[in-house]
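The values are calculated or read from the model by the stated rules, or taken from the named source; none is laboratory data. Note that the coordinates shown come from a computational prediction; the quantities given were computed from them, not determined experimentally. Counting neighbours? That spans all protein chains shown, and the Cβs are built from the backbone with ideal geometry, glycine included.
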Amino acid sequence: MAARPAQELTMKIAIAGAGLAGLAAAWVLAEEGHDVDVFEARRMLGGRAASYEVRTPPAAEAGDAPGQAPPERVDNSQHILMRCCTNLLDFLERTGKSHLVRFYDHFHFIEPGGRRGTLKPGRLPAPLHFAGSFLGLRFLSARDKIAIARGMEAVRREWARGRELDAVTMAEWLRAHGQSDQAVRRFWEPILISAMNERLETISAWHGVGVLYLGFANGRHDYEMGVPTVLLGDLFDGDVWEKHPRIRIHRGAAVEAFETDGGLMTAFRASGQRVAADAFVSALPYERLSPLFPELGLRIDGFRHSPIAGIHLRFDRPVTDLPHAALLDRTLHWYFSRDGGRALSLVVSAAHSLALMKREDIVALAVAELGEFEPRVREATLLSAHVIRETRATFVASPGFESQRPGARTVYSNFFLAGEWTNTGWPSTMEGAVISGYRAAEGILSGKGVGREFVRGRAPLSGR
Ligand SMILES: Cc1cc2nc3c(=O)[nH]c(=O)nc-3n(C[C@H](O)[C@H](O)[C@H](O)COP(=O)(O)OP(=O)(O)OC[C@H]3O[C@@H](n4cnc5c(N)ncnc54)[C@H](O)[C@@H]3O)c2cc1C
């Protein structure tokens, strides 16, 4: 822990919201020797990076899984990160949890019918490190491979154009760079829909090109995929918070109002209590903050959410030998396996088509599609099935959205904004959330004349 600054600099800081943004701000401010109170409406920490206890309903009601299984804890949906998420990794390091993420340097793809392909690094330096395995992928034609290689070269060239790319969607950009429908569906979509959680016809090319550049055209290891080895609740919640001598977590304490006096914030109201402090952070989602604090004048008219569905299936036997795979040409996008291939977390990004479907129909669809990729599913018995649909999973980074994201500073000199929706240079990710928390902390310290930089590394969006 950093040395405590002089006593006169110790501040009392109040933070609204204990998602990753609020937690990241709290941790670094406490490390700097300040007293931090975090007010969280729910009983659990981690916000949208959440684990829930779920029960399989009796078979007669559910129609989705035979028998009655004991309660299970599952993540809302598998969360993944990349090696280039330097701030999230820094936060995990600070909180002693970085060993709970396992990195993979292989990406597996499966076609309906079960044929597999693997993208893995070879001996050539970046950005050619995938050349060997890429040429061997059988689910892409030779013509598509040439077009994709040219597309990746264009990513490297055009990344620096930054803001100019915000005028077009990623789908338009790919078409303009000669990508066929099959190349889009089988190569660009599996990467980008998962990273951006929205259709390529909707997302800005600034974001799409940025994510590709940072992950695949920059450093040799940046693309590596990190998968937590524990549930999100164990990664982001737990004793480490309650035991910290300078952090007090207030669970089930919703912030209800903000008090200001001239250019200063003076207090929050949380669960009926008035909370005065020297400095404040809102790490609330924009749709919560805006109605609570209309005087702030947030311009969120163009802000929208995109849904993610997590489908958690447990079988009586192993159904795969892979840790994860991208699934081509179907509703399901990825699976992540645990327990020796018996438990699979399926992810459907931009899950608009599942919004109105019945739970049991989603489970039936998932099992049927999974059987096309992993034939052992057809012989296995489904022991439990849970569907978690998060309708407000991530913001939609459409063209023009970027210019509307506010920075950390507000008109109140001691009140700062955090949350992945603020101006972080990242899409709606855990990395963006941590950066926003660090920025709010930097703002608070700089207001007291203390220059500290917590944010490290590059962001996908150049030239902002
Ligand atoms: C299903 C799903 C899958 C995802 N997959 C990935 C992934 O693979 N990789 C990735 O990087 N990102 C992923 N994300 C996105 C990532 O989880 C979010 O971008 C990030 O967690 C947002 O953090 P945040 O702190 O900005 O906001 P939030 O997590 O929304 O935190 C805000 C907090 O404020 C609390 N709150 C709300 N109102 C009040 C109030 N009045 N008073 C006090 N507290 C309040 C909320 O309960 C919440 O805890 C996924 C998100 C979802 C939902």
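Which of (1) under 18 Å from the mean Cα position of the chain (by Cα); (2) hydrophobic (A, V, I, L, M, F, W, C); (3) assigned to a helix (DSSP H, G or I) does Val377 not meet, given it meets every other one?
(1)
Pick from Ala459, Ala418, Ala380, Ala397: which is closer than 20 Å to Ala279 by Cα and either of a type outside the set (S, T, N, Q) or touching a His at 6+ places or on another chain (Cβ under 9 Å) (or both)?
From the options Ala459, Ala418, Ala380, Ala397, the qualifying one is Ala418.
Would a scan of region 300-316 turn up a residue that is surrounded by fewer than 21 Cβ atoms within 10 Å (Cβ to Cβ), aliphatic (A, V, I, L, M) and modelled with pLDDT of 95 or more?
No, there is no match, as no residue in region 300-316 is surrounded by fewer than 21 Cβ atoms within 10 Å (Cβ to Cβ), aliphatic (A, V, I, L, M) and modelled with pLDDT of 95 or more.
Scan region 337-365 for residues that are surrounded by fewer than 20 Cβ atoms within 10 Å (Cβ to Cβ), of a type in the set (A, V, I, L, M, F, W, C) and in a strand (DSSP E or B) and jot them down.
Within region 337-365, just Ala343 meets the criteria.
Can you confirm whether region 239-256 contains a residue that is in contact (Cβ under 8 Å) with a residue 12 or more places away in the chain and within 26 Å of Phe107 (Cβ to Cβ)?
no
List every residue pair whose Cβ atoms sit under 7 Å apart, with the two residues 6 or more apart in sequence or on different chains, where the first one lies in region 22-43 and is assigned by TED's automatic domain parsing to the domain that holds Pro285 and farther than 15 Å from Ser446 by Cα and the second, anywhere, is of a type in the set (Ser, Thr, Tyr) and outside any strand (DSSP E or B).
Qualifying pairs under 7 Å: Ala24/Tyr438; Trp27/Thr95; Asp35/Thr10.
How many of the residues in region 288-298 are surrounded by 13 or more Cβ atoms within 10 Å (Cβ to Cβ) and more than 9 Å from the ligand (Cβ to nearest atom)?
Summing the residues that are surrounded by 13 or more Cβ atoms within 10 Å (Cβ to Cβ) and more than 9 Å from the ligand (Cβ to nearest atom) in region 288-298 gives 4.
Looking at Phe109, is it crowded, with 16+ Cβ neighbours inside 10 Å, at pLDDT 95 or above and under 23 Å from Gly226 (Cα atoms)?
Against the criterion (crowded, with 16+ Cβ neighbours inside 10 Å, at pLDDT 95 or above and under 23 Å from Gly226 (Cα atoms)), Phe109 qualifies.
Across region 349-405, what is the total count of residues that are within 16 Å of the ligand (Cβ to nearest atom) and among the aromatic types (Phe, Trp, Tyr)?
Adding up the residues that qualify gives 2.
If you take the residues in region 87-120 that are within 16 Å of the ligand (Cβ to nearest atom) and in a loop (DSSP other than H, G, I, E, B), which one is nearest to Tyr223 (Cα to Cα)?
Within region 87-120, the match that is nearest to Tyr223 (Cα to Cα) is Lys97.
Looking only at region 436-458, decide whether some residue is within 15 Å of the chain's Cα centre (by Cα) and β-branched (Val, Ile, Thr).
Within region 436-458, none of the residues are within 15 Å of the chain's Cα centre (by Cα) and β-branched (Val, Ile, Thr).
Report the residue count in region 13-44 for those that are farther than 16 Å from Ala279 by Cβ, surrounded by fewer than 24 Cβ atoms within 10 Å (Cβ to Cβ) and either more than 6 Å from the ligand (Cβ to nearest atom) or acidic (Asp, Glu) (or both).
Summing the residues that are farther than 16 Å from Ala279 by Cβ, surrounded by fewer than 24 Cβ atoms within 10 Å (Cβ to Cβ) and either more than 6 Å from the ligand (Cβ to nearest atom) or acidic (Asp, Glu) (or both) in region 13-44 gives 2.
Is there any pair linking a residue in region 71-84 that is away from the ligand (no atom under 13 Å from the Cβ) to one that is at pLDDT 95 or above, with Cβ under 6 Å and at least six apart or on different chains, and which?
Taking only residues 6 or more apart or on different chains, the pairs are Arg73/Ser51; Arg73/Leu231.
Which of the numbered conditions does Leu383 fail, given that it passes all the others? Conditions: (1) over 26 Å from the mean Cα position of the chain (by Cα); (2) in a helix (DSSP H, G or I); (3) in contact (Cβ under 8 Å) with a residue 40 or more places away in the chain.
Unmet for Leu383, out of (1) over 26 Å from the mean Cα position of the chain (by Cα); (2) in a helix (DSSP H, G or I); (3) in contact (Cβ under 8 Å) with a residue 40 or more places away in the chain: (2).
Check Arg161, Arg156, Arg116 and return the single one that is among the basic types (Lys, Arg) and modelled with pLDDT of 95 or more.
After applying the criteria, what remains is Arg116.
Test of understanding: among Arg123, Arg157, which residue is loosely packed, with under 13 Cβ neighbours inside 10 Å and assigned to a loop (DSSP other than H, G, I, E, B)?
So the residue among Arg123, Arg157 that is loosely packed, with under 13 Cβ neighbours inside 10 Å and assigned to a loop (DSSP other than H, G, I, E, B) is Arg123.
Within region 166-272, which helices (runs of 4 or more DSSP H) (wholly inside it) include 1 or more residues that are over 30 Å from Asp35 (Cα atoms) and within 15 Å of the ligand (Cβ to nearest atom)?
Once the helices (runs of 4 or more DSSP H) in region 166-272 are filtered for at least 1 residues that are over 30 Å from Asp35 (Cα atoms) and within 15 Å of the ligand (Cβ to nearest atom), what remains is 189-196, 205-216.
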